[in-house]
Every structure is written in structure tokens, then in C-alpha cells.
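*Asks:* Quick one: the structure is below, questions incoming.
A short reminder: the numbers here are calculations on the coordinates, not readings from a lab. This structure is a prediction, so every number in the text was calculated from the model and none was measured. Because the Cβ atoms are built from the backbone with ideal geometry, glycine has one as well, and the counts that use them run over all protein chains shown.
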Amino acid sequence: MNNEFEDISENIKRIRFNLEEAKVRAGREHDDISVMAVTKTVPPERVNFAVSQGFTLLGENRVQEYLSKKELYADNVRVDIIGHLQSNKIKYIIDSVTMIQSVDSVQLAKEISERALKNGRVMDILCEVNIGGETSKSGFSPEGLEDGIAMISELRGVRLCGLMTIPPPDNSCFYFEKMQRIFEDIKASPPENSDFKLLSMGMSADYADAVRFGTGMVRLGSTLFGARNYSV
Ligand SMILES: *Cc1c(COP(=O)(O)O)cnc(C)c1O
């Protein structure tokens, strides 16, 4: 065992234990819940250690940072974009990521779609929902989501795979429940050309709660890699 990364090993043990416990408590012990390693500010050697322990799905917030680390990551990683994406950056990531979870407007979806078609692919996306209506966060409002999804489902270069959210820090259970309801409603009659199945919610502070409310993917940064010295 490489001592250099002992802190991450310990964190992984705790995360696995907590997740199993939360799944059992929620009666979801047979459900697959993906765990994403959120890499912002984390050096690639530390990311690669987590990858070697089975955390092969990485979440990237910033295109610039991702491009600077990309070549240093292990070969078997899968990368999703989870941070606000400027449309002029789409071209840099379109061929190397598997999903864009932070689609926060129809306009962005259109531009992703155009670029994807140009490159001969269809990009999997999630719509980000600003479930708490916070001005500091981007995303579709719960009220605007239905119309947004209808327009996005017309685009041939993107495939809508579900929803992503970051709830307000207090009272996340209240917002998780709201998100679960919205997600299940859409899933019951999914838009055409979609593969609507993934609810991405739950971070370091609240992933166990997200399990109770039907999450399909938790996104973990600080509880896996340790505290960041600044927030992104
Ligand atoms: C930073 C970030 C996370 C992880 O945050 P932690 O609280 O450190 O686990 C998850 N999702 C998104 C979109 C993020 O920006």
C-alpha cells in the first residue's frame, strides 16, 4: 500500500461504508448508484490513485483545468463535465468527455448539439436544475424545465439522459424530494430521442440523504480527496 495516498484510502473506506449503510436504510441495497470523483484543484497523481481504487468516473468543473490534467490521467477514466460550460469551450471537450451534466440552457444544448454533429457524435447530457431558485446558481428553473426539455429533445446531436442538481446547502432533503418528484414525473413519460434514466445529486455533505431520495449518482470531492483550499 502506497502511504502517500493513505488519506484517500481511508476516505474511500468510509465512503463505501456510508453508502452501503444509506442504501440498506433506504431499501436500495440492490440499486446501482454511481460514484463520481470530483477532481477540481486535485493533483492528477491523487486522482489516479482514486481511479486505481475503482473511482474511474471523473467530474470536471473547469475546461482549462481539465485540459491541463487530461493527458496525465490514467487511460481507463471516463470524464463528465459538471461545471458551467461556456459555449466557446465546447470544441475543446466534445471528443473526450462522455457526458455534459451541467446543461443549463436550451442555447447551450443547441451549441453542444451542433458541435457534436460536426464531430460525428451524439453527446449525452443532463439538464441542470436550479431547484432552490438561487441567483448564485445556474440551471433551469423547475417551472421552465418542461419547455426546455421539449426544445432540447428536438436536437439531434444531444441525448437527454436525466437531471443534475446542486441544492441549497441547508435543508437539502427538502430539495432532494422535490427533485425526485420532478425526475420521476418526466421519467414516466420521457421525451422522444431521450434515454431519461439518471438523477445526479448528492455531494460530500449530503450524499447519504440523496440515496433516500432516489439518486442514481453521487458526486464526491472533498470527502474523497480532502478539503479544497478554495471553493469553485
Ligand atoms: C465541487 C462539486 C461537487 C463536489 O463537491 P464536494 O462538496 O466537495 O463533494 C459536486 N458537484 C459539482 C457540480 C461540483 O461543482
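*Asks:* Taking N as the number of residues in the chain, what value does Rg over Cα atoms divided by 2.2 N^0.38 Å take?
*Replies:* Details: Rg = 17.2 Å, N = 232, 2.2 N^0.38 = 17.4 Å.
Taking N as the residue count of the chain, the ratio is 0.99.
*Asks:* Could you pull out every one of the lysines with an alpha carbon less than 30 Å from that of Lys13, ignoring same-chain neighbours closer than 8 positions?
*Replies:* Here the lysines satisfying the reach criterion relative to Lys13 are Lys23, Lys40, Lys69, Lys70, Lys197.
*Asks:* Lys13 versus Phe174, label points 7 Å from Cα toward the beta carbon: distance in nm?
*Replies:* So the two model labels end up 3.8 nm from each other.
*Asks:* Order these by the 10 Å Cβ neighbour count, fewest first: Ile186, Ile125.
*Replies:* Working: Ile186 20, Ile125 28.
Lowest count first: Ile186, Ile125.
*Asks:* Amide H to amide H under 5 Å from Asp124: which residues, 5+ apart in sequence or cross-chain, H placed 1.01 Å off N in plane?
*Replies:* Under 5 Å from the amide H of Asp124 lie the amide H atoms of Ile100, Arg159, each far enough along the sequence or on another chain.
*Asks:* What does the helix-only formula give at 222 nm for the chain: each DSSP H stretch with n ≥ 4 adding -39500 (n - 2.57), the total divided by the residues, and the result rounded to the nearest 500 deg cm²/dmol?
*Replies:* Numbers: 9 runs with 88 residues, N = 232.
Value at 222 nm, helices only: -11000 deg cm²/dmol.
*Asks:* Ok, one more. Given springs between every Cα pair under 10 Å in a Gaussian network model of the chain, which of Val158, Val35, Val77 has the largest fluctuation?
*Replies:* Val77
*Asks:* Right, here's the next one. Ser96 versus Ser34, label points 7 Å from Cα toward the beta carbon: distance in nm?
*Replies:* Each label point lies 7 Å from its Cα, and together they span 1.9 nm.
*Asks:* Under a 10 Å cutoff between Cα atoms, tell me which one of Ala50, Ala37, Ala205 has the largest fluctuation in the Gaussian network model of the chain.
*Replies:* Ala205
*Asks:* Counting Lys and Arg as +1 and Asp and Glu as -1, what is the net charge of the other residues whose Cβ lies under 11 Å from the Cβ of Val38? Can you show the working numbers first?
*Replies:* Values: positive: Lys40, Arg219, Arg228; negative: Glu60, Asp80.
Local charge sum for Val38: +1.
*Asks:* Among Val38, Phe55, Val24, whose Cα sits farthest toward the positive end of the charge dipole of region 16-57 (+1 at Cβ of Lys/Arg, -1 at Cβ of Asp/Glu, about the Cα centre)?
*Replies:* Value computed over the given set: Val38.
*Asks:* About the Cα centre of the chain, what is the dipole size in debye to 20, counting +1 per Lys and Arg Cβ and -1 per Asp and Glu Cβ, all else neutral?
*Replies:* Values: 28 positive and 34 negative charges, 77 e Å.
Using Cβ point charges on Lys, Arg, Asp and Glu, the chain gives about 380 debye.
*Asks:* Gaussian network model of the chain, Cα springs within a sub-10 Å range: biggest mean-square fluctuation belongs to which of Asp80, Asp206, Asp95?
*Replies:* With Cα springs under 10 Å in the chain, the top fluctuation among Asp80, Asp206, Asp95 is at Asp95.
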